[in-house]
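Down below is the structure, laid out as structure tokens.
The values are calculated or read from the model by the stated rules, or taken from the named source; none is laboratory data. Predicted, not measured: the structure shown is a model, and the values here were computed from it. Neighbour counts run over all protein chains shown; Cβ positions are idealised from the backbone, glycine included.
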Amino acid sequence: MDTPLTTLPPNLDRFLGNARVVEILRRAIELDRLPHALIFAGPSGVGKRTLAILLAQLLNCESRSGKLVCGKCSGCRKIAQGSHPDVRLVEPDGAFIKIEQIRSMIGEIAYQPFEAKYRVVILDPAEQLKVEAANCMLKTLEEPPSRTIIILVTSNPYALLTTIQSRSRLLQFTGISQDSIETFLVQHAGWNPGDAHLAAALSRGSLGNALAFEAGSYLPVRARALSFVSLLLSRGSFAEASRLAASTVKDKEAFPIWMDAVLTILQDLFYAKTAPGRIGQRDILSDLTTLADRTPTGAVASAVRAFDKLRRGLRQNVNRQIALEALFLSETAKQVH
């Protein structure tokens, strides 16, 4: 089902990150050479949909000045509110984007724009296109209607049919720098610097992840993760590690957060050994430094590999507690040798 579009930054200068993608689009608009079909590919939370909607505004703003949109004209306001008749967001109806949705979209764009200069269709996430729906689009991508731009937003462009990929211009988005996210949270979202630094450090380059971060929920989970890592790297009590594992796996919602916290702690420990300036969680710098000082670099690297492998294995519904206990015994045994 189609849903309202999101509120946007008012111009390209204020778009966070991915300067190369922004510049490519800016130049294409300036030269009137914007491709009729675009694939915005990259990690979640880096602004792919936001930039797609901003592009729709840039193409249709009634008072645009270069790369600036006014944000106040009828076109800008309707696009931001999700009510513009010529700008459509297509999302999955259930688990997939279905052929009926694509047929409806094709029927709409067969006509000239109702009131805008360009029609813009945004499919997000495009990898959820059912095969028959994707095939239904091919002729439209091959022979696009005039004054129509189709944008496929995806975190996995290789899940798209190769025939769709070959008919579209791929723009690859990357993660946003930690400094940029931290600055945004403080200056534009009103966060305190401590929480902003931690959220940015844990965001994996995603502003969406950073904005969703809740320190009050995360810190107790991280405390349990740090205790487990300390036991693991110091060859501590198996009974205590087993107790921690048992209490962790019981909370199904917190367990993925705990796994992420363990891996982030191990990553920071590795940085403490090799590149201290890259440590993200500076609020526990003393604990990290103390633990790093007494742990060989090889043991930290081995634990990182083991936990990353475990996280991938847990998708196959293995017993979490047994898996954690087995990992603990395996990694502590390696340290003896």
Select from segment 179-200 the residues that are assigned to a helix (DSSP H, G or I) and over 24 Å from Tyr271 (Cα atoms) and list them in ascending order. Phe184, Leu185, Val186, Gln187
Can we say Asp308 is in a helix (DSSP H, G or I), closer than 15 Å to Arg224 by Cβ and not hydrophobic (A, V, I, L, M, F, W, C)? no
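A quick yes/no check of all residues on (1) in contact with a Pro (Cβ under 8 Å, 6 or more places away or on another chain); (2) among the charged types (D, E, K, R); (3) surrounded by 20 or more Cβ atoms within 10 Å (Cβ to Cβ):
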position: Gln165; (1), (2), (3): yes, no, no
position: Phe173; (1), (2), (3): yes, no, yes
position: Ile176; (1), (2), (3): no, no, yes
position: Arg204; (1), (2), (3): yes, yes, no
position: Leu211; (1), (2), (3): no, no, no
position: Gly216; (1), (2), (3): no, no, no
Per-region count, segment 64-81, residues under 20 Å from Arg119 (Cβ atoms), out of contact with any Ser or Thr (no Cβ under 7 Å at 6 or more places or on another chain) and not basic (Lys, Arg): 6
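Restricting the search to segment 160-178, which residues are over 16 Å from the mean Cα position of the chain (by Cα), part of a loop (DSSP other than H, G, I, E, B) and among the hydroxyl-bearing types (Ser, Thr, Tyr)?
Ser168
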Tell me whether segment 140-152 contains one or more residues that are touching a helix residue (DSSP H, G or I) at 6+ places or on another chain (Cβ under 9 Å) and of a type in the set (Gly, Ala, Ser). no
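When you go through Glu91, Glu132, Glu108, Glu142 one by one, which is the residue that is farther than 25 Å from Ser206 by Cβ and at pLDDT 95 or above? Give the derivation first.
On the way: Glu91 fails: farther than 25 Å from Ser206 by Cβ; Glu108 fails: at pLDDT 95 or above; Glu142 fails: at pLDDT 95 or above.
The conditions single out Glu132.
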Do we have any residue at all in segment 296-308 that's hydroxyl-bearing (Ser, Thr, Tyr) and crowded, with 18+ Cβ neighbours inside 10 Å? no
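Restricting to segment 143-187, count the residues that are at negative phi and basic (Lys, Arg).
Restricting attention to segment 143-187, the residues satisfying the condition of being at negative phi are 143-146, 148-187.
The next check asks that each one be basic (Lys, Arg); those that pass are 167, 169.
Result for segment 143-187: 2.
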Please count how many residues of segment 1-26 are modelled with pLDDT of 80 or more and part of a loop (DSSP other than H, G, I, E, B). 4
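Taking segment 245-270 only, how many residues are without any contact (Cβ under 8 Å) to a residue 24 or more places away in the chain and surrounded by 18 or more Cβ atoms within 10 Å (Cβ to Cβ)?
Start the filter on segment 245-270 by keeping residues that are without any contact (Cβ under 8 Å) to a residue 24 or more places away in the chain, which leaves 247, 250-253, 256, 268.
Subsequent filtering for residues that are surrounded by 18 or more Cβ atoms within 10 Å (Cβ to Cβ) retains 268.
Qualifying residue count, segment 245-270: 1.
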